[in-house]
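Asker: After the C-alpha cells below, expect a handful of questions from me.
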Amino acid sequence: VSTQSTGEINFFIGHMECIVQSCIDFLGEHIVPSCLDAHSLWFRILVNYLLLSVGGIFFYLLFSSCSFFYFYKWKREIYYPKTLPSDISLQIKTEIGIAVKSIPLMAILMCPFTVLVQLGYSKMYYNVQDYGILYMILCVPMYLAVTDMLIYFIHRSLHWGILYKYIHKLHHTYRYTTPFSSHAFHPVDGWAQGVPYYIFTFFFPIHHVLFLLLFVFVNFWTISIHDQVDFFANTWVLNSTGHHTVHHTDFKFNYGQYFTFWDRLCGTYREGSQTHNFVEGTVVLDAQKED
C-alpha cells in the first residue's frame, strides 16, 4: 500500500475518531445528568445505551425510508414487488411499530458487550499501525465470513419449536417483506442475531472505526435483503435479496446473512430469483410472480 494511500486512510480515520469523540463529549456536557461522573461505569453504560438505541432507530428509519422511497415510490413502476398489494400502509405501520419498540430493548441486552469492548476486554484496537493497512483490508471479508457463520446457526436455531413460536415468529409476521421488515424483531431475536458482531471483536483484532463502518453496512445490508428487489441472485456466493425472500416465503431455507456457503453445506439452500438487471435496472422476466 502506498504512502499516499496510508496517509489518506489515516486522515479519514482521524476525522471519524473526532466525530465519535465529539458525540461522546456532547452527551457528557449536555445530555447526561451532571451528577454522573463522565469516567464512571454508569456513564459508559448510559452513553452506550443512547448510541445503540437512538443510533439503531436512526439508521433503521433512514436506510429503510431511502429504500422504500426509491424502489416503492420514485421507481415504483420498475421495482415495486408484485407480491405486495398496492396499499401496504398497515404493514409498514406494523413493522415500524415492532422495530421502534424493540430496538431500545435490544440496546439494553447489547450494552454489556459494548461496555466490555470499551473497557479493553476485546481485541479492538485504535491505531492503524498496530496491524497495518493490509490486515485492516483483510479484516473485512474475515468479519463477514465469521459473523455469517455464527448468524446462520443462530438463525437456524431460532426456527426450532418454542424459539420460533415465542421469539422469531414476530419477524415473520408478513410473508412478503418490505424494507421496514428488516429490524422488526423480538428484542431477544434482534440481540441474538446482532451479538455475533461483538463476539468477533473478542477473538479477532479489528480497528474501531472499521467496526463502526461495518456496523453501518450491516444495517444497510439487512434492509436491502428485505426489499424484494434483487440484482444478484444469479451469483453463486451471495445470499441476496432473492434468497432471503425465499426464506420468508418458505421458512425452512436460506438462513445465511451474507453468503450461501452454510446453506449449501447444511442442505438448507434454495435458489432465489433475480428480479432486475443491475446495470439497466430492467425487470427480469418471470422473476416476480403472484403467489
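Since every read-out is calculated from the coordinates, none of them should be taken as a lab result. In this text the structure is predicted, and so the values were computed from the model without any measurement. When we count neighbours, we look across all protein chains shown, and the Cβ atoms used for this are built from the backbone with ideal geometry, even at glycine.
Asker: Work out the length of the dipole vector of the stretch 78-221 about its Cα centre, built from +1 on the beta-carbon of each Lys and Arg and -1 on the beta-carbon of each Asp and Glu, and round it to the nearest 20 debye.
Answerer: 380 debye
Asker: Can you give me the C-alpha center-to-center distance between the stretch 62-123 and the stretch 192-213, rounded to a whole angstrom?
Answerer: Comparing the Cα centres of the stretch 62-123 and the stretch 192-213, I get a distance of 20 Å.
Asker: Next question, about the same structure. Is there a pair in LYS75/LYS123; LYS101/LYS252; LYS93/LYS123; LYS73/LYS101 whose C-alpha atoms are over 32 Å apart, and which pairs would that be?
Answerer: As for pairs spanning more than 32 Å Cα to Cα, those are LYS75/LYS123; LYS93/LYS123.
Asker: Residue separation times 0.36 nm, minus the C-alpha to C-alpha distance between LEU116 and SER65: what's the value?
Answerer: Going from the current span to full extension adds 15.1 nm.
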